[in-house]
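The structure appears below as structure tokens.
The values are calculated or read from the model by the stated rules, or taken from the named source; none is laboratory data. These numbers come from a predicted model, not from an experiment. Cβ coordinates were reconstructed from backbone atoms using ideal geometry, including for glycine residues, and neighbour counts include every protein chain displayed. Quick note on the areas: whole protein, heavy atoms, side chains included, nothing else; ligands and nucleic acids left out. Shrake-Rupley method; radii C 1.70, N 1.55, O 1.52, S 1.80 Å.
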Amino acid sequence: MRKFIFMCLLVLGTIGQVSAQGMPVYDNTNFITLGKQILEAAKQTENLIKTVEFMRQQKERIEKVSNVVKQLKAVRELARNNERLFDVVRNDVRHILNSPYIKPEEITRISKSFESIIENSLEDLDFVQQILSSDYLKMTDAERAEVLKERETRSKEMVAEIERKTKRYNDIISFREMQDKINNRATNY
């Protein structure tokens, strides 16, 4: 039995030495360095967040400027189209109405058709002035630019319509002039 107790103590003694590793030792400089790195990363993240916010604000400003430029282009095109309309009415319609080949009853109808186009054009100009001079229905710049673009398209359609009518009436005048020459020619039979 003595031998048995001695063997048990010997086994316990060797097991105790094998499992006892001791206390781990930490280097405080590694903790300090790690803390500094975490603080530096936090500062960089904060700077990145500020940069992202600045970029977002700049993007919004660029979009606003872009919308204003679109509005200006649409207004400029509207003005050009209306100027074209007035030039056609001033020159071509006067020529049509002064033609001897236009009948008196047609003058009123021709005048009214061109007059309605000009009235629509003036109404569009008034509407555009209201849109640009006030916060028309609290529109955003993008919505305002869209409405102006629609008006620009409408003014282009009016220009095309007035040019078609002018061409049609000029063709009528040419036809009647040719018909008059044929009917009043001198015959040499």
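Assorted remarks:
- A 1.4 Å probe over all protein chains sorts M158, M55, M139 by accessible area into M55, M139, M158, starting with the largest.
- Within the accessible surface of the stretch 36-189, defined with a 1.4 Å probe on protein heavy atoms only, the carbon and sulfur portion equals 54 percent.
- Relative packing of 97-104, 122-129, 71-78, which averages over residues the other C-beta atoms within 10 Å, highest first: 71-78, 122-129, 97-104
- Ranked order, V88, V69 - accessible area, probe 1.4 Å, largest first: V69, V88
- Net charge of Cβ neighbours under 15 Å - reference Q57; Lys, Arg +1; Asp, Glu -1: +2
- Accessible area per residue (1.4 Å probe, heavy atoms of protein chains only) ranks S133, S111 as S133, S111, with the largest value leading.
- Cα gyration tensor shape for the stretch 59-105, rounded if a/c is under 1.5, else prolate or oblate: prolate
- Spin-label model, D126 to K50: label points 7 Å out along the Cα-to-beta-carbon direction sit 5.4 nm apart.
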